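Everything on this sheet refers to the single structure shown next.
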Amino acid sequence: MYFLLENDKYDYEIKSVVQIFFKNLKFEKIQLIENDDIAIEIKVGTRNIEVKIFEYRKEQLKKKVEIKNNDEIKYEIKKVIYETLENFTEIKPKWGMLTGIRPTKEVVRLLKMGKSKAEVKKHFKKFYVADEKIDLLLKTVNNQLEIVSEEDETYYSLYINIPFCPSRCSYCSFTAFMYKKYDRENKVVKYLEYLMEEIKIVKNILSKKTLRSIYIGGGTPTSLNEEQLEMLLKFLDNEFNVKKLKEYTIEAGRVDTINEEKLNIMKKYGTTRISINAQTFKNETLKKIGRTHTKEEFIKIYKLAQSISFENINVDIILGLEDEQVCDVEKTINEIIDLSPDNITVHTLAIKKGSHLKESVETISRKEDETVKKMMKKVSDILEKTDYEPYYLYRQKNMVGNLENIGYGKNKKYSYYNIHIMEENEIIIGVGAGATSKIIKKGKKEIKSIFNFKGVEEYIDRFDEIVERKMSNVK
């Protein structure tokens with residue numbers, strides 16, 4: 001498939017809609033239609049927009065509309081392309097032509113403007129979002145409103161990145177380095193020393209603000225051995241009054257990196273929330289995606305964590321993993337509910353650059369998209385019949401089925417950090433290799449992102465540059 005485009009002025013708007021319908025698309029700007037299977041010609045004039053679709057050089061569909069409102073020309077462009085492709089492909093995306101990753105943020109914005117729920121629904125219908133997704137947004141926002149309303153420029157949250165893993169899973173695209181290699185080269189402790197120095201600098205810069213939550217992610221933070229983990233957590237305990245934090249999360253995502261001693265270290269130094277990621281309870285799938293644990297081993301570690309009495313335990317699952325069917329996902333979610341975690345996060349597989357799965361993206365068909373949609377429907381129906389309520393939601397590019405990720409919680413045990421990182425209404429300071437900081441300036445309605453270097457060696461070697469960025473931008 002290819003495109004004939006007259007100019008690049010509305011390149012982003014055009015691509016964002018077309019990618020909803022066609023996967024792994026290569027956009028090529030050419031002047032003549034070749035003997036290709038499908039070609040789309042898009043012309044944006046001063047007063048009209050024209051879309052033509054060709055199959056094997058024969059025109060199959062044509063739509064031309066007048067531009068009625070120049071103030072909404074980008075919307076008009078997306079709308080005509082969306083309607084044309086929906087008609088041509090007979091695909092009706094549940095999220096319509098909505099491509100932003102934070103749809104709940106838009107709901108919060110509208111409600112704060114005084115819009116009614118009916119007006120919010122009307123707004124999203126304009127983007128062809130299905131009623132069930134609009135209802136999901138409203139329910140999610142309703143559950144997080146109390147936390148969202150707590151925004152205050154005198155507070156901040158701290159994200160600490162531990163970019164090490166025991167191995168790389170097939171779907172993973174995060175910055176992650178093999179722990180054993182870096183530990184063998186004595187680079188893990190060195191990394192932690194620089195990381196702790198960056199935390200001290202951030203604390204000094206933000207001395208007039210109050211730290212409200214800590215989130216240690218990765219990678220897999222529990223890849224650190226017991227001594228290294230205690231070194232970091234003891235440091236944080238000395239630097240901050242962790243007992244007064246709203247939330248203190250550590251991702252203990254890989255079962256093969258967790259033991260009783262590490263769990264006790266986390267509990268000892270004030271961790272309130274941990275995430276132990278099942279992904280699936282089908283052992284054959286776990287092996288295929290590169291996880292080295294079984295369902296039985298997960299349950300054993302999970303029950304051990306429960307016995308240590310963390311305030312909040314989260315379990316992740318992923319929909320759309322290789323060769324899984326709706327019945328597999330149904331079995332997984334029912335067995336996880338039986339374990340009674342405080343949070344369940346439902347991820348839809350996203351095929352991202354940097355993951356091994358990206359190489360086989362062509363094999364993911366529309367049929368599989370429909371299967372994943374059925375998985376999401378089944379999981380949502382099951383969770384809605386329990387005590388679990390949706391409390392945060394976000395979307396990513398290249399998600400199978402064009403779906404979403406949803407966090408569910410029970411007894412109002414939601415994740416404070418997850419809500420704020422999605423709603424972008426609190427300063428988030430990221431430290432460590434690959435971490436991102438988001439500086440929120442409410443008065444100016446401005447969000448400034450600051451990025452740390454991704455590589456461990458680059459993070460250490462160019463540490464002064466990272467410090468300079470923090471000093472210049474974080475206030």
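The values are calculated or read from the model by the stated rules, or taken from the named source; none is laboratory data. What you see is a predicted model; the values in this text were computed from it and never measured. So basically every Cβ, Gly included, is an ideal-geometry build from the backbone, and we count neighbours across all protein chains shown. Please note that ligands, DNA and RNA were not included when accessible areas were found on the heavy atoms of the full protein model with its side chains. Shrake-Rupley method; radii C 1.70, N 1.55, O 1.52, S 1.80 Å.
Taking trypsin sites (Lys or Arg not before Pro) across segment 378-441, the ones in a DSSP loop with at most 13 further Cβ atoms lying within 10 angstrom of their Cβ are Lys385, Lys397, Lys412.
Given the DSSP H assignment, sum -39500 (n - 2.57) over each helix run of at least 4 residues in the chain and divide by its residue total; what's the result at 222 nm in deg cm²/dmol, nearest 500? Intermediate values should be presented prior to the final figure.
Working: 16 runs with 190 residues, N = 475.
Taking each H run of at least 4 residues, the total per residue is -12500 deg cm²/dmol.
What the Kirkwood sum gives for segment 69-125 is a hydrodynamic radius of 13.0 Å, with every pair of different alpha carbons counted.
Could you give the dipole magnitude of the chain about its Cα centre, charging the beta-carbon of Lys and Arg +1 and that of Asp and Glu -1, in debye to the nearest 20?
Values: 85 positive and 77 negative charges, 240 e Å.
Approximately 1160 debye in magnitude.
Counting only protein heavy atoms and using a 1.4 Å probe, what share of the accessible area of segment 218-328 belongs to carbon plus sulfur, as a whole percent? For segment 218-328, the apolar C and S fraction of the accessible surface comes to 45 percent. For segment 221-264 versus segment 268-302, the inter-centroid distance based on Cα atoms is 17 Å.
Dividing the mean sequence gap of close Cα pairs (under 8 Å, 6+ apart) by how many residues segment 141-295 holds gives a relative contact order of 25 percent.
Shown here are the Rg and Dmax of the Cα trace of segment 124-263, at 18.8, 56 Å. Suppose a student asked you for the relative contact order of the chain, using Cα pairs under 8 Å spaced at least 6 residues apart; what percent would you report? Once normalised by length, the contact order is 15 percent.
Farthest toward the positive end of the dipole of the chain, out of Ile258, Pro221, Ile447, is the Cα of Ile447, where the dipole comes from beta carbon charges about the Cα centre.
Of all lysines in the structure, those lying under 17 Å Cα to Cα from Lys190, and not within fewer than 8 positions of it along the same chain, are Lys180, Lys181, Lys200, Lys234, Lys454. For the chain, find the longest principal axis of its Cα atoms and tell me its angle to the long axis of helix 295-307, 0 to 90°, nearest 10. The answer is roughly 50 degrees.
If you average the sequence gap of Cα pairs under 8 Å that are 6 or more apart and divide by the length of segment 365-475, what percent do you get for the contact order? Could you put the intermediate results ahead of the total?
Values: 121 pairs, mean separation 16.7, N = 111.
15 percent.
The residues of the chain present an accessible area of 47 Å² per residue when probed at 1.4 Å with all protein chains retained.
Over all distinct Cα pairs, what is the inverse of the mean 1/r for segment 214-317, reported as the Kirkwood hydrodynamic radius in Å?
Details: mean 1/r = 0.0714 Å⁻¹.
Evaluated on segment 214-317, it is 14.0 Å.
The trypsin sites (Lys or Arg not before Pro) found in segment 134-234 that occupy coil by DSSP, while having at most 15 further C-beta atoms within 10 Å, are Lys208. For segment 234-319, applying the loop criterion from DSSP together with a ceiling of 13 other beta carbons within 10 Å to the GluC sites (Glu not before Pro) yields Glu311. By the rule of a C-alpha distance below 18 Å, with chain neighbours fewer than 8 residues away ignored, the lysines paired with Lys373 are Lys23, Lys92, Lys94, Lys133, Lys331, Lys397. Here segment 104-201 yields Rg over Rh of 1.21, to two decimals, using C-alpha coordinates and the Kirkwood radius. Once you treat every alpha carbon in the chain as an equal point and sum by Debye, what is log10 I(q)/I(0) at q = 0.08, 0.13 Å⁻¹? Those come out to -0.53, -1.33, one per q. The Cα trace of segment 172-239 gives Rg and Dmax of 13.4, 40 Å, the first to one decimal, the second as a whole number. When each of the peptides 458-469, 321-332 is scored by how many other beta carbons lie within 10 Å of its residues on average, the order from highest to lowest is 321-332, 458-469. Across the cross-link table entries Lys203/Lys441; Lys105/Lys244; Lys52/Lys126; Lys117/Lys385, which are compared at the Cα atoms, the separations over 26 Å belong to Lys105/Lys244.
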